[in-house]
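All remarks here apply to the structure that follows.
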Amino acid sequence: MRFASLSLLTLAIAFSLPAPGQEKESIVKQAVFSRSLADNQTPGEKTDTFLPDEPVYLSVELKSRPKSGVLSCRFLMESTAIGEAKVDLASTSKGALAVVGQSTFAGFHLAPGNPLPIGSMYRAELTLDEKVQGSFPFHISPPKGAIETKLKSTAFEKEVMGQRQPLEPEVELAPEDSVIFKGMADVGVSTWLRITWLVNGKADPKGTNSHTMEENKQDCGFSFTFRPDNGWPAGKHEVSLVINGKEVTRQPFTVKSVLPPRTVVPVMPIELAGFALLRTDAKGEKNTEVSAFDNTDTVLTAEWSLKTPVKGTGVQYKWTQVDAGKVKDVPIGRADLPDGIYRRLRTSLKLDEPAPVGRYRVDLLQNGKVIDSRPFEVR
């Protein structure tokens with residue numbers, strides 16, 4: 001998940017003339033967040049709490065009247081810059097600076113290109129010629145109508161040869177096995193979740209994922225799957241779940257030993273004859289082939305016809321929302337085919353509410369390998 005993209009609007013400033021002997025280490029007198037800026041860059045209504053789509057204004061009062069140096073402002077979400085601007089204090093000859101009493105004011109303006117995730121993980125960092133002058137926190141509050149975010153339950157599973165199984169507190173894993181952290185929560189719109197996998201106490205950069213909710217969801221299931229590049233080593237590992245900038249749970253599991261790679265039993269290859277998307281009627285009795293689903297459908301069905309019957313062992317389906325705003329390839333469902341002999345392969349994704357308009361994909365896998373991938377749309 002990427003962070004919401006932001007645009008930093010044109011920097012507006014109002015400065016006074018410099019005073020001799022101004023010390024750069026103490027150039028910032030105060031920095032005030034507000035909902036607007038006056039023409040002379042003094043703050044309007046003061047606040048350090050903003051709504052997700054609300055512009056963030058920062059009025060910076062400088063001591064005396066500096067005449068040199070580059071003043072920079074970076075808006076940060078944790079350690080990630082989401083906006084930055086600079087002003088040259090020596091630009092008085094161009095008429096860009098103005099005196100406000102005995103002080104100099106600079107105004108900075110951050111305009112979210114997309115709603116910001118809620119939380120208290122934001123700050124504005126001011127520097128003069130790359131020397132930090134101060135760090136000033138601000139907050140993003142839930143939008144109107146957002147439900148309370150509440151974590152309800154969590155559990156571990158392991159994925160062994162395409163099959164999900166419970167994960168014991170102490171477990172033996174082969175290099176190709178994955179660990180799954182799943183749970184249930186009520187999540188409000190603009191809620192931000194981040195999962196981090198720690199391997200023997202050290203966060204794996206490839207094991208960090210985040211997601212921002214675009215709507216309220218009650219009893220929302222989530223699932224994160226991870227396997228280090230070389231498999232899970234023996235030792236104690238953890239998963240950390242952060243919601244809106246605060247860690248809400250950190251849960252451990254232990255790999256007591258590493259098993260040798262498992263031998264995959266050869267299976268008959270799946271030979272496909274055709275594919276269809278099917279809309280099921282309200283009674284669940286009649287299926288009609290469609291080229292796309294409507295945004296009123298709550299059951300999405302995909303069916304592959306086969307040239308020859310196959311065994312269900314190791315066959316799996318995966319449903320993915322390809323385009324979910326700024327988020328790409330969000331897993332929304334998966335299922336394992338029970339053992340048996342099948343002449344056709346059908347999977348249905350049942351939703352609590354209609355799927356949002358957008359692009360999707362359903363994949364057919366055998367022993368973890370994608371056999372067929374079919375894109376489709378909800379219109």
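The values are calculated or read from the model by the stated rules, or taken from the named source; none is laboratory data. None of these values were measured; they are calculated from a predicted model. A quick note on method: Cβ atoms are made from the backbone with ideal geometry, for glycine too, and the neighbour counts reach across all protein chains shown. Protein only, heavy atoms only, side chains kept; ligands, DNA and RNA dropped before computing areas. Shrake-Rupley method; radii C 1.70, N 1.55, O 1.52, S 1.80 Å.
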Collect residues whose amide H, placed 1.01 Å from N in the peptide plane, falls under 5 Å from the amide H of Cys220; neighbours closer than 5 in sequence don't count. Ala185, Asp186, Val187
Apply the Karplus curve 6.51 cos²θ - 1.76 cosθ + 1.60, θ = phi - 60°, to the phi angles in segment 214-230 and return the couplings in whole Hz, x for Gly and Pro. 9, 7, 5, 9, 9, 6, 8, x, 9, 8, 10, 10, 8, 8, x, 3, 9
Quick one: divide the alpha-carbon radius of gyration of the chain by 2.2 N^0.38 Å and tell me what you get. 1.29
Using the Cα atoms of segment 338-379 to build a convex hull, what is its mean projected area in square nanometres? 4.2 nm²
Starting from the Cα of Met161, move 7 Å in the Cα-to-Cβ direction to define the label point; list residues of segment 328-344 whose amide nitrogen is under 18 Å from there. 336-341
Extended-chain gain in nm, criterion 0.36 nm per residue less alpha-carbon gap, Val357 and Ala203: 51.9 nm
Would you compute the Debye intensity of segment 100-181 from its alpha-carbon atoms alone, equal scatterers and no solvent, and pass along log10 I(q)/I(0) at q = 0.22 Å⁻¹ to two decimals? -1.09
Set the Förster distance to 25 Å, then compute FRET efficiency between Lys144 and Lys350 from the Cβ-Cβ distance, nearest 0.05. 0.20
Over the alpha-carbon set of segment 173-321, work out the extent along each principal axis and list the three values in angstrom, largest first. 52, 45, 23
Would you mind checking which residues have amide H under 5 Å from Arg65's amide H? H placed 1.01 Å from N; only 5 or more apart, or other chain. Ala19
If only Cα atoms are counted, what is the Rg of segment 295-345, and what is its Dmax, in Å? 14.1, 41
Normalised per residue, the volume of the convex hull around the Cα set of segment 40-133 (Å³): 108 Å³
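Per residue, what volume in Å³ does the Cα convex hull of segment 292-379 take up?
Considering the Cα atoms of segment 292-379, their hull volume per residue is 89 Å³.
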The set of residues whose placed amide H lies less than 5 Å from the amide H of Asp372, leaving out same-chain residues fewer than 5 positions away, is Leu364
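Per Stokes-Einstein, at 20 °C and 1.002 mPa s, what whole-number D in µm² s⁻¹ belongs to segment 69-224, with the Kirkwood radius over Cα pairs as the hydrodynamic radius? Walk me through the numbers before you get to the answer.
Values: Rh = 19.7 Å.
Reported coefficient: 109 µm²/s.
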Over the chain, what is the mean sequence separation of C-alpha contacts under 8 Å (at least six apart), divided by residue count, expressed as relative contact order in percent? 12 percent
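Just want to confirm a number: the relative contact order over segment 118-202, from Cα pairs under 8 angstrom separated by 6+ residues, in percent.
Worked out over segment 118-202, it gives 29 percent.
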Just to verify a number: FRET efficiency for Met268 and Ser223, C-beta to C-beta distance, R0 = 30 Å, to 0.05? 0.50
For the chain, what does the accessible surface come to per residue with a 1.4 Å probe? Please give it in Å². 51 Å²
Which of Lys152/Lys182; Lys158/Lys217; Lys152/Lys318 have a Cα-Cα distance over 20 Å? Lys158/Lys217; Lys152/Lys318
Simple spin-label model, 7 Å along Cα-to-Cβ: Ala174 to Lys307 in nm? 2.9 nm
Label-point separation (nm) for Ala90 and Arg35, each offset 7 Å from Cα along Cα-to-Cβ? 4.1 nm
